[in-house]
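Colleague: My questions will all concern the structure given below.
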Amino acid sequence: MISKRRKIQYLFVLILIIMTAFAEVLSLGAIIPFLGVLISPDKVFEIETFQVVWIFFGITSSNQILLPVTIFFTLGAFVSGGFRLGLLFLSSRLSYAVGADISIEIYRRTLYQPYSLHVSRNSADVISGITAKANGVVAYVLQPLLTLVSSILLLVIISIGLVALDPIVTTVAFTLFGLIYLIIALQAKKKLLRDGQIAAHSQTILQKSLQEGLGAIRDVILDGTQKFYLNLYSKADIPYRRALGNSQFTSSSPRYSVEAIGIMVMAIFAYQLSKSSDSLLSIIPLLGSLAMGAQRLLPILQQSYTAWAYLKIGKSTLSDVIQLLDQPFHISEFDNSSNSVSPYVINLDSSIVLKNISFRYAEDLPLVIENISLNIEKGKRVGFIGKTGSGKSTLVDIIMGLLPPTSGEFLVDGQVVQSTNVGSWQKNIAHVPQSIYLSDSTISENIAFGIPAEEIDLSRVQEAARKAQISEHIESLKHGYNTIVGERGIRLSGGQRQRIGIARALYKKASVIVFDEATSALDNETEKAVMDSIDGLGAELTILMIAHRLSTVENCDMIVRLEDGKIVEQKGFGKDF
Ligand SMILES: Nc1ncnc2c1ncn2[C@@H]1O[C@H](COP(=O)(O)OP(=O)(O)OP(=O)(O)O)[C@@H](O)[C@H]1O
C-alpha cells in the first residue's frame, strides 16, 4: 500500500541519513587536527601532506594556521548540525505523512466493507485504529525505524573511526557498553511487549466507553449513571497511561547507569594513560577525541536502544493496524460511484422478487428470516409489520442489498442481485430511518446529503422540500435553506427531521424509498401529517414501509405481517387478512 512517491521519499531520507552520518563523523574527526594545532602548531605545519593546503591558502608560518583551522572546525560542526536538522525535519514530516496515509486508508477500506461486517463488529475497534493507533504506528514504529537505521549507521562509522585511533580502548569500551545494553534489552523485552499490548488493547476500550457514555448522554444524565461510565473509562485509561509511562521509563532509563559507567571507564583510562606516558600534553588530543567519541557514541547507543524499545512497544498496535489495513474491498468503488457506467446496471422497471429467502447473521446463529417469497411490483406501497424482533428490518436490509441472503434468490427485473450489480441497485434506493442522521451543516446540505456544497442543485432541493411538505417551514426561517441545523438536528422537531429525511430521499431521485419505522417516534397528529406527505409522493415511487402499528401502513397496497422470520399474513397479494 506504500505509494511510489513515498518509496522515493524514503529512499531520499535514507540517502540523507548516510550523508548525515558521514558529515557527523567528519566533524568528529576534525577535533584531532584542531587540538593538535592548538597545542603544537609547529608540528602540524611541518606535516608533509598538509603542505599543499598551506600553499593553497597562502600560509607561510605556523602561527597563521590557527584561525583557518578554527574556522574549518566550526564550519564542520555547523554543516553536520545542518544535516541533522534537515534529516530530523524530513523524517518527521515523512513519518507523519505516512501516518495520514495509514489512517485514511483504514477509513477508506472500512467504508467499503459490506454492511454485514459493520453490524457484526464494534466500531470502537475501527475508530481507535483510525485515530490513536495510526498515531501509535508513527510514534512507535515509523520514527523509531528511521532512528534505528541512522543510529546503527552512525555507530558503525564512528566506531570504525575510533578503532583506527585506538583499537584496544575502543574494543573494550564497545564490548562493555554493548554488553550492558544487551543485558538491559533482554531483561526489558518481555515487559515492553506486554506494556505495548496493554496500551493497544486499552485504546479500543477507551474509545468504546467514550462512544457509549456520550452517545447515550441523555440516559446517562437521567439515570445518573455518570459514575458508571467514568469508572468504565478510568478502568481503561489508568492501565493505558501506566503502560505508556512504564514503557517510557524502560526505554529511556538505561542511559543514566551507562553514562556513569562510561565516565568511570574514561577516568580509569585517562589515569592509566597519564601514568604510562611522559608528556600529558601529547595524549590530550587522543583523550579529547575519545571523550568526544564516547560523548557521541553513548547517546547514539541509547538512541538505538530507545528506538528498539519503541518498536517492541508498537508491535501490538502495528498488528492491529495491519489487520485493519488488510480489510479487502468488498464493495467495488466502481459499482458505487455515482457516474460509473457499469455493465451491470439495474433500474427498477418491473418488479422486486424474493424467492425462498432465508438469512442468518452468522453461521452459529439461528435463521432470522425463513423461506420468504414475495413479489413487489414497481410503484406499489408495501407495509411490513410484526412484533419487535420478527425480522422486518433484516428482510428490508436484504431487499436493499445490504445483507446477502444465506439461501434463496433475490431478483430485480429478473436479474439476480449480487456483488457485481448491488451498487447499481442501491443507487435506486433511499432510506428514511426512525431517527434520521443530520450533519451539523445547512438544511440544503442535509437534503442533498453527501454532496459537496458547491455542487448542490438548489432548485432540486426546494422541489424535494416542497414534496416533503417542509418548504414552508424552511422558508420561514431567517436564513432559509442556509440555516444550520446543529449537531444531530437539535434545532428541528421530530416531524421536521423526518420530513428532511423524506426530502433527502426525493433529492436522490430514488425510485424506491424505504421508511424504517420513520414515523413511530412521532405523536399521532404529526405521524398522520408525515404519512399524508408520504401518501402524496409520486405514484411511480415504490415504497417499502416498516411499522409496528397496522394503522401506519393501512393505506399501503400490500401488507406483510412477519412473525419469527416467517410471513404469517398477507394483504394485497391476492390474499387478505
Ligand atoms: N447484527 C445482528 N446480529 C445478530 N442477530 C441480529 C442482528 N440484528 C438483528 N438480529 C436478530 O435478528 C432478529 C430479527 O431482527 P430485526 O431487527 O430484523 O427485527 P425487527 O422486526 O426489525 O425488530 P424491531 O421492530 O425491533 O426493529 C432478532 O431476533 C434479532 O435479535
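The values are calculated or read from the model by the stated rules, or taken from the named source; none is laboratory data. No experiment lies behind these values; they were computed from the predicted model shown. Methodologically, a virtual Cβ is constructed for each residue, glycine included, from the backbone with ideal geometry; neighbour enumeration extends over all protein chains shown.
This table checks each residue for (1) over 23 Å from residue 117 (Cα atoms); (2) modelled with pLDDT under 90.
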residue: 328; (1), (2): no, yes
residue: 335; (1), (2): no, yes
residue: 342; (1), (2): yes, yes
residue: 345; (1), (2): yes, yes
residue: 349; (1), (2): yes, yes
residue: 354; (1), (2): no, no
residue: 358; (1), (2): no, no
residue: 366; (1), (2): no, no
residue: 374; (1), (2): yes, no
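Colleague: Further, regarding this structure: Looking at segment 400-412, which of its residues are surrounded by 15 or more Cβ atoms within 10 Å (Cβ to Cβ) and more than 32 Å from the chain's Cα centre (by Cα)?
Modeller: 406, 408, 410, 411, 412
Colleague: Among the numbered criteria (1) within 16 Å of the ligand (Cβ to nearest atom); (2) touching a helix residue (DSSP H, G or I) at 6+ places or on another chain (Cβ under 7 Å); (3) within 25 Å of residue 540 (Cα to Cα); (4) modelled with pLDDT of 90 or more, which one does residue 432 miss?
Modeller: All conditions are met except number (4).
Colleague: Does residue 98 satisfy the condition of being surrounded by 17 or more Cβ atoms within 10 Å (Cβ to Cβ), touching a Leu at 6+ places or on another chain (Cβ under 8 Å), under 30 Å from residue 158 (Cα atoms) and among the aliphatic types (A, V, I, L, M)?
Modeller: So residue 98 fails the test.
Colleague: Name the one entry in 50, 78, 73 that is loosely packed, with under 14 Cβ neighbours inside 10 Å and either away from the ligand (no atom under 16 Å from the Cβ) or over 30 Å from residue 364 (Cβ atoms) (or both).
Modeller: From the options 50, 78, 73, the qualifying one is 78.
Colleague: Exactly one of these conditions fails for residue 365: (1) surrounded by fewer than 18 Cβ atoms within 10 Å (Cβ to Cβ); (2) of a type in the set (A, V, I, L, M, F, W, C); (3) away from the ligand (no atom under 16 Å from the Cβ). Give me its number.
Modeller: Of (1) surrounded by fewer than 18 Cβ atoms within 10 Å (Cβ to Cβ); (2) of a type in the set (A, V, I, L, M, F, W, C); (3) away from the ligand (no atom under 16 Å from the Cβ), only one is false for residue 365: (3).
Colleague: Just need a number here: residues in segment 348-362 that are in a loop (DSSP other than H, G, I, E, B) and either loosely packed, with under 15 Cβ neighbours inside 10 Å or within 15 Å of the ligand (Cβ to nearest atom) (or both).
Modeller: So the count comes out to 5.
Colleague: Right, something else. From the residues in segment 395-420 that are of a type in the set (Val, Ile, Thr) and within 16 Å of the ligand (Cβ to nearest atom), which one is farthest from residue 432 (Cα to Cα)?
Modeller: Filtering segment 395-420 for residues that are of a type in the set (Val, Ile, Thr) and within 16 Å of the ligand (Cβ to nearest atom), the one farthest from residue 432 (Cα to Cα) comes out as 406.
Colleague: Now for a different question. Can you work out which of the residues in segment 535-558 that are within 15 Å of residue 522 (Cα to Cα) and in a loop (DSSP other than H, G, I, E, B) is nearest to the ligand (Cβ to nearest atom)?
Modeller: 548
Colleague: Hey, can you tell me all the residues within segment 390-417 that are of a type in the set (Gly, Ala, Ser), in contact (Cβ under 8 Å) with a residue 60 or more places away in the chain and in contact with a Gly (Cβ under 9 Å, 6 or more places away or on another chain)?
Modeller: Within segment 390-417, 390, 391 meet the criteria.
Colleague: Can you tell me which residue among 460, 499, 504 is free of Cβ contacts under 8 Å to residues at least 40 places away in the same chain and within 30 Å of residue 425 (Cα to Cα)? Even if it seems obvious, please write down each step before you answer.
Modeller: On the way: 460 fails: free of Cβ contacts under 8 Å to residues at least 40 places away in the same chain; 504 fails: free of Cβ contacts under 8 Å to residues at least 40 places away in the same chain.
Being free of Cβ contacts under 8 Å to residues at least 40 places away in the same chain and within 30 Å of residue 425 (Cα to Cα) holds for just one of 460, 499, 504, which is 499.
Colleague: Still on this structure, please answer the following. Can you find even one residue in segment 384-394 that is more than 16 Å from the ligand (Cβ to nearest atom) and among the aromatic types (Phe, Trp, Tyr)? Lay out the reasoning, then the answer.
Modeller: Within segment 384-394, the first condition is being more than 16 Å from the ligand (Cβ to nearest atom), and the residues that meet it are none.
No: segment 384-394 contains no residue that is more than 16 Å from the ligand (Cβ to nearest atom) and among the aromatic types (Phe, Trp, Tyr).
Colleague: If you take the residues in segment 507-529 that are assigned to a helix (DSSP H, G or I) and in contact (Cβ under 8 Å) with a residue 40 or more places away in the chain, which one is surrounded by the fewest Cβ atoms within 10 Å (Cβ to Cβ)? Don't jump to the end; show me each part of the working.
Modeller: At the first step, the residues of segment 507-529 found to be assigned to a helix (DSSP H, G or I) are 507, 524-529.
Imposing the further condition that a residue be in contact (Cβ under 8 Å) with a residue 40 or more places away in the chain reduces the set to 507, 529.
On the way: 507: 25, 529: 16.
If we take residues in segment 507-529 being assigned to a helix (DSSP H, G or I) and in contact (Cβ under 8 Å) with a residue 40 or more places away in the chain, then 529 is surrounded by the fewest Cβ atoms within 10 Å (Cβ to Cβ).
Colleague: Kindly provide the set of residues from segment 201-220 that are touching a residue at least 24 places away in the same chain (Cβ under 8 Å) and not hydroxyl-bearing (Ser, Thr, Tyr), ordered by number.
Modeller: 201, 203, 205, 206, 207, 208, 211, listed by residue number.
The rows are residues; the columns are (1) assigned to a helix (DSSP H, G or I); (2) in contact with a strand residue (DSSP E or B) (Cβ under 6 Å, 6 or more places away or on another chain).
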{"site": "411", "(1), (2)": "no, yes"}
{"site": "418", "(1), (2)": "no, no"}
{"site": "423", "(1), (2)": "yes, no"}
{"site": "431", "(1), (2)": "no, yes"}
{"site": "438", "(1), (2)": "no, no"}
{"site": "444", "(1), (2)": "yes, no"}
{"site": "451", "(1), (2)": "no, no"}
{"site": "463", "(1), (2)": "yes, no"}
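Colleague: Filter segment 1-39 down to the residues that are without any contact (Cβ under 8 Å) to a residue 60 or more places away in the chain, part of a helix (DSSP H, G or I) and small (Gly, Ala, Ser) and list them by number.
Modeller: 27, the sole residue that qualifies.
Colleague: Does residue 465 fit the bill of being small (Gly, Ala, Ser), surrounded by 20 or more Cβ atoms within 10 Å (Cβ to Cβ) and without any contact (Cβ under 8 Å) to a residue 60 or more places away in the chain?
Modeller: It is true that residue 465 is small (Gly, Ala, Ser), surrounded by 20 or more Cβ atoms within 10 Å (Cβ to Cβ) and without any contact (Cβ under 8 Å) to a residue 60 or more places away in the chain.
Colleague: Follow-up. Taking the condition under 34 Å from the mean Cα position of the chain (by Cα) and within 16 Å of the ligand (Cβ to nearest atom), does residue 457 pass?
Modeller: Numbers: under 34 Å from the mean Cα position of the chain (by Cα): yes; within 16 Å of the ligand (Cβ to nearest atom): no.
Here the answer is no, as residue 457 does not meet what is asked.
Colleague: Let me ask something additional. Identify all residues within segment 299-323 that are hydroxyl-bearing (Ser, Thr, Tyr), surrounded by fewer than 22 Cβ atoms within 10 Å (Cβ to Cβ) and within 15 Å of the chain's Cα centre (by Cα); write none if there are none.
Modeller: Within segment 299-323, just 319 meets the criteria.
Colleague: So if I check each of 112, 140, which one is under 39 Å from the mean Cα position of the chain (by Cα), in contact (Cβ under 8 Å) with a residue 40 or more places away in the chain and surrounded by fewer than 16 Cβ atoms within 10 Å (Cβ to Cβ)?
Modeller: 112
Colleague: A follow-up question, please. Can you tell me which residue in segment 368-383 is nearest to the ligand (Cβ to nearest atom), limited to those that are of a type in the set (A, V, I, L, M) and touching a helix residue (DSSP H, G or I) at 6+ places or on another chain (Cβ under 6 Å)?
Modeller: Among residues in segment 368-383 that are of a type in the set (A, V, I, L, M) and touching a helix residue (DSSP H, G or I) at 6+ places or on another chain (Cβ under 6 Å), the one nearest to the ligand (Cβ to nearest atom) is 368.
Colleague: Just one of 561, 491 is more than 16 Å from the ligand (Cβ to nearest atom) and either modelled with pLDDT of 85 or more or of a type outside the set (A, V, I, L, M, F, W, C) (or both); which is it?
Modeller: On the way: 561 fails: more than 16 Å from the ligand (Cβ to nearest atom).
Answer to the selection: 491.
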